[in-house]
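The values are calculated or read from the model by the stated rules, or taken from the named source; none is laboratory data. It should be emphasised that the depicted structure is a prediction, and the values quoted were computed from it without experimental measurement. Heads up, the Cβs are rebuilt from the backbone with ideal geometry, glycines too, and the neighbour counts pull from every protein chain shown.
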Amino acid sequence: IGRRRCSSVRCYLLLLFFFLKVAPCDQEVTQGQDVVISAKVAGQPRPMVYWLKDRVPVKTAGRFAVRETGSASEVRIGSAQRSDAGLYVCKIVNEYGCKLAECRVEVKGESGFNPVGRNTVQYISSFF
């Protein structure tokens with residue numbers, strides 16, 4: 001937020017903005033893996049964050065969870081299936097506009113080899 005003071009009249013200029021600090025990026029996972037797609041956002045006023053998969057809003061249900069903590073927003077997919085592959089979009093909106101960041105998730109066939117004996121979690125994000 002920036003402020004400017006005028007000499008003859010007291011006035012302030014408030015700069016309003018929003019942006020993605022960290023955007024999601026493409027990833028490839030093995031069927032059965034847990035996946036986390038995350039983005040960090042900032043803005044004034046605070047933007048609303050929406051997640052879409054193939055142009056359809058992602059909602060918390062079943063294996064999908066959408067959550068926000070501080071400036072981070074994420075989609076968690078438990079035990080990824082081939083049907084989870086697609087284009088995921090993080091859409092941030094406030095009264096001054098809208099910004100989109102997208103990533104593609106590919107789900108390949110199960111490898112059959114898991115030395116730990118349980119699913120692993122793959123975190124993917126990248127800096128602008």
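Which of the residues that make up region 22-61 are hydroxyl-bearing (Ser, Thr, Tyr), closer than 15 Å to VAL75 by Cα and in contact (Cβ under 8 Å) with a residue 40 or more places away in the chain?
The first filter runs over region 22-61 and keeps only residues hydroxyl-bearing (Ser, Thr, Tyr), leaving 30, 38, 50, 60.
Right, trim to closer than 15 Å to VAL75 by Cα and you get 38, 50, 60.
Scanning region 22-61 gives SER38, TYR50.
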- [ ] Quick one: in region 63-74, of everything that is more than 14 Å from GLN33 (Cβ to Cβ) and not hydroxyl-bearing (Ser, Thr, Tyr), which residue is surrounded by the fewest Cβ atoms within 10 Å (Cβ to Cβ)?
- [x] GLY70
TODO: Identify all residues within region 87-128 that are buried (at least 16 other Cβ atoms within 10 Å of the Cβ), under 19 Å from VAL66 (Cα atoms), among the β-branched types (Val, Ile, Thr) and modelled with pLDDT of 90 or more; write none if there are none.
DONE: VAL89, ILE92, VAL105
TODO: Taking SER8 as meeting all but one of (1) surrounded by fewer than 17 Cβ atoms within 10 Å (Cβ to Cβ); (2) over 16 Å from CYS103 (Cα atoms); (3) at pLDDT 95 or above, write down the number of the exception.
DONE: (3)
TODO: Scan region 34-62 for residues that are part of a strand (DSSP E or B), crowded, with 17+ Cβ neighbours inside 10 Å and among the aliphatic types (A, V, I, L, M) and report the count.
DONE: 6
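If you check SER79, SER83, which single one turns out to be surrounded by fewer than 14 Cβ atoms within 10 Å (Cβ to Cβ), assigned to a loop (DSSP other than H, G, I, E, B) and either within 15 Å of the chain's Cα centre (by Cα) or polar (S, T, N, Q) (or both)? Break it down into steps so the answer makes sense when it comes.
Numbers: SER83 fails: assigned to a loop (DSSP other than H, G, I, E, B).
One residue alone meets the criteria, SER79.
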